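What follows is a single structure, written as structure tokens, with notes after it.
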Amino acid sequence: MLINCTNHPYEIWHESQREAAAQYGEVKDLPFPDISPDLTPDDLRALAAEYGDTIEAMSPAAVLVAGEFTFAFMLTDRLLNDGVKVVCTCSRRVTEEVKKPDGTNEKKVSFLFEGFREYSRYDKG
């Protein structure tokens, strides 16, 4: 199973992303928490521990983690320390900027899913 710990539920994924996720089995959504700017590092560690416990109890093949950076890092670090495979999405960013009649610019951004990439530890060697 792939646990989708993001703010993008499986039901809205593009078909190509669903097909790529099938390598891990069933996909289960675990919504990424709303991270308040008021949370302390200790608060984030406690929340990462709680999410880590929940995820590990589900025994996933992999976990897709994406969201607020500090919490995502702590959760990813926790899971990697415990031997859980963590992945991120790889996408091409396509932007289109249009000058509107009133002189303002409008930017449209699309992300084209290309695959999953596994997190790994940094190795200086």
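Values computed for the structure shown
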| item | result |
| --- | --- |
| Scan of region 27-57 for residues that are more than 18 Å from residue 89 (Cβ to Cβ), surrounded by fewer than 13 Cβ atoms within 10 Å (Cβ to Cβ) and either touching a residue at least 40 places away in the same chain (Cβ under 8 Å) or not small (Gly, Ala, Ser) (or both), ordered by number | 34, 37, 38, 40, 41, 42, 50, 53, 54 |
| Residues (over 15 Å from the mean Cα position of the chain (by Cα) and over 17 Å from residue 64 (Cα atoms)) located in region 22-42 | 36, 37, 38, 39, 40, 41, 42 |
| Some residue of region 77-90 being loosely packed, with under 15 Cβ neighbours inside 10 Å and part of a strand (DSSP E or B) | yes |
| Pair list, Cβ under 9 Å, 6 or more apart: region 106-125 residue free of Cβ contacts under 8 Å to residues at least 12 places away in the same chain and among the acidic types (Asp, Glu), other residue loosely packed, with under 10 Cβ neighbours inside 10 Å and part of a loop (DSSP other than H, G, I, E, B) | 106/100 |
| Residue that is farthest from residue 10 (Cα to Cα) [pool: residues in region 101-116 that are of a type in the set (S, T, N, Q) and part of a strand (DSSP E or B)] | 105 |
| Verdict on residue 63 being surrounded by 10 or more Cβ atoms within 10 Å (Cβ to Cβ) and touching a residue at least 40 places away in the same chain (Cβ under 8 Å) | yes |
| Boolean, residue 98 is of a type in the set (A, V, I, L, M) and within 26 Å of residue 15 (Cα to Cα) | no |
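Matching residues to (1) under 17 Å from residue 5 (Cα atoms); (2) modelled with pLDDT of 95 or more; (3) in contact with a His (Cβ under 9 Å, 6 or more places away or on another chain):
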residue: 34; (1), (2), (3): yes, yes, no
residue: 37; (1), (2), (3): no, yes, no
residue: 66; (1), (2), (3): yes, yes, yes
residue: 70; (1), (2), (3): yes, yes, no
residue: 85; (1), (2), (3): yes, yes, no
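The values are calculated or read from the model by the stated rules, or taken from the named source; none is laboratory data. Bear in mind the structure is a predicted one, so any value in this text is a computation, not a measurement. No Cβ is skipped: glycine too gets one built from the backbone with ideal geometry, and neighbour counts run over all protein chains shown.
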